[in-house]
There are 2 protein chains.
Amino acid sequence: MTDTKTSRKEHILEAAAKLFSEQGYASVGMRDLAQAVGIESSSLYSHFGKKEDILWDIALHCAQDFNDTVSPIAHSDLHTKRKLQEMIIAHVDVTLRNRLAAPIFTTEWRILSEPRRSQYANLRDEYEKMFRNVIAKGVEENLFRPIDEKFSALTILSALNWTYLWYKPEGELTPNQIGETLAQMLTDGLVRTF
Amino acid sequence: MTDTKTSRKEHILEAAAKLFSEQGYASVGMRDLAQAVGIESSSLYSHFGKKEDILWDIALHCAQDFNDTVSPIAHSDLHTKRKLQEMIIAHVDVTLRNRLAAPIFTTEWRILSEPRRSQYANLRDEYEKMFRNVIAKGVEENLFRPIDEKFSALTILSALNWTYLWYKPEGELTPNQIGETLAQMLTDGLVRTF
């Protein structure tokens, strides 16, 4: 019984992420969503009291996935440059496996009402802090240029977040290859030094 | 008479960009927009037959601004690395002076109906081509690493496009300083080589 309920809920979340990514969160009504899942509206409301609860569940699920995947790397004792590269590769991997939800965790989370909006902003900030810290450490070790860590963390994450817009699962590059190339490009730059 | 009509139209476009950026294109109705501008709905309809016409006008205006600003640099005889850097600085400048319209030229243009959507996709492609060309030239000159020019052009533009989300006009950095830092970071990377 619990299992069925969990899987029904997951099924709704998946269908919602797909529908939101195709039509935009604001355009999708609870009735459209019930129809897409193939259930009655009343059954949908038994899982989620209002549409925003679905947005919130999807956003939280992704935040958790990003944190669970990147945090062990950030807290490992890898060499600073390789650590940043591995964090970039992991971030791309999480982005692309949650790509239907990417509009939500990149921009649409901003339409959450309070206190959820602030809670989510804090989760993002905690996550970005792992990137700021590794960059600051690289600057301290004289390994990276003396760049502002907040600015460069935002630049790196922006470049990574946008991959969901052009990634094609049937394309030539795997998420891992995309991550590797971005990691090299963002840490070593374009200009040849060898 | 023509002047007044032009300026009324521009006023509508500005108010629309602001309202769309605050509430999302899909959530704003023609009535909300007329109210924000302080005119009757019927007067709004005399300028724009439907809401999508406004989206289209804003998108085209921005595409024109990007092209007019970046194209002279792309076709100059600057050294390849400096050319790419100047193009990056110019792109950031255009992004930030049109930042209210940024959701439109980055993602929301995708909701345009055909044939506008394809026309706009072509304009974007022509624009991106200037970045692909300068990167390909740098690779050919053995100045840049042997990186795929399509991939790196997309990465650079993604990093630049996202600046509108965190730029604060009252903050410490000017658009030009942001552009300079991004230009250095994206061409030379983070890692010290001196």
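General remarks:
- Residue in segment A:119-134 that is more than 11 Å from chain B (Cβ to nearest Cβ), over 16 Å from A:Ile73 (Cβ atoms), surrounded by 15 or more Cβ atoms within 10 Å (Cβ to Cβ) and touching a Phe, Trp or Tyr at 6+ places or on another chain (Cβ under 7 Å) present: yes
- Residue, farthest from A:Leu19 (Cα to Cα), within segment A:138-150, restricted to residues that are touching a helix residue (DSSP H, G or I) at 6+ places or on another chain (Cβ under 7 Å) and surrounded by fewer than 16 Cβ atoms within 10 Å (Cβ to Cβ): A:Glu141
- Comparison of A:His91, A:His61 shows that the only residue that is within 10 Å of the chain's Cα centre (by Cα), surrounded by fewer than 20 Cβ atoms within 10 Å (Cβ to Cβ) and either outside the structural domain of A:Lys18 (by TED's automatic domain parsing) or closer than 30 Å to A:Leu143 by Cα (or both) is A:His61.
- Residue check for A:Phe105: within 10 Å of chain B (Cβ to nearest Cβ) and among the aromatic types (Phe, Trp, Tyr): no
- Screening A:Leu96 against (1) in a helix (DSSP H, G or I); (2) in contact with a Leu (Cβ under 9 Å, 6 or more places away or on another chain) leaves a single unmet condition, (2).
- Evaluation of B:Gly24 against (1) under 24 Å from B:Lys168 (Cα atoms); (2) over 14 Å from the mean Cα position of the chain (by Cα); (3) modelled with pLDDT of 90 or more (one fails), failing number: (3)
- Taken over segment B:145-169, the criterion of being within 14 Å of the chain's Cα centre (by Cα) and part of a helix (DSSP H, G or I) is satisfied by B:Leu154, B:Ile156, B:Leu157, B:Ser158, B:Ala159, B:Leu160, B:Asn161, B:Thr163, B:Tyr164, B:Leu165.
- Identity of the residue in segment B:179-194, hydrophobic (A, V, I, L, M, F, W, C) and at the interface with chain A (Cβ under 8 Å from one of its Cβ atoms), that ends up nearest to the chain's Cα centre (by Cα): B:Leu182
- Odd one out for A:Asp53, checked against (1) surrounded by 14 or more Cβ atoms within 10 Å (Cβ to Cβ); (2) farther than 16 Å from A:Lys129 by Cβ: (1)
- When segment A:66-87 is limited to residues that are more than 14 Å from A:Asn133 (Cα to Cα) and surrounded by 18 or more Cβ atoms within 10 Å (Cβ to Cβ), the one that is nearest to the other protein chains (Cβ to nearest Cβ) turns out to be A:Glu86.
- Some residue of segment A:170-178 being more than 20 Å from the chain's Cα centre (by Cα), more than 27 Å from A:His11 (Cα to Cα) and within 12 Å of another protein chain (Cβ to nearest Cβ): yes
- Residue tally, condition facing chain B (nearest Cβ under 7 Å) and under 17 Å from B:Leu173 (Cβ atoms), over segment A:136-161: 7
- Across segment B:104-115, not a single residue is classified as surrounded by 20 or more Cβ atoms within 10 Å (Cβ to Cβ) and touching a Pro at 6+ places or on another chain (Cβ under 7 Å).
- Filtering segment B:170-190 to residues that are outside any helix (DSSP H, G or I) and either surrounded by fewer than 18 Cβ atoms within 10 Å (Cβ to Cβ) or basic (Lys, Arg) (or both) leaves B:Glu170, B:Gly171, B:Glu172, B:Leu173, B:Thr174.
- When restricted to residues that are modelled with pLDDT under 95 and of a type in the set (Phe, Trp, Tyr), segment B:89-130 contains 2.
The values are calculated or read from the model by the stated rules, or taken from the named source; none is laboratory data. Predicted model only: the values in this text are computed from it and were never measured. Positions of Cβ are backbone-derived with ideal geometry, glycine not excepted, and every protein chain shown enters the neighbour counts.
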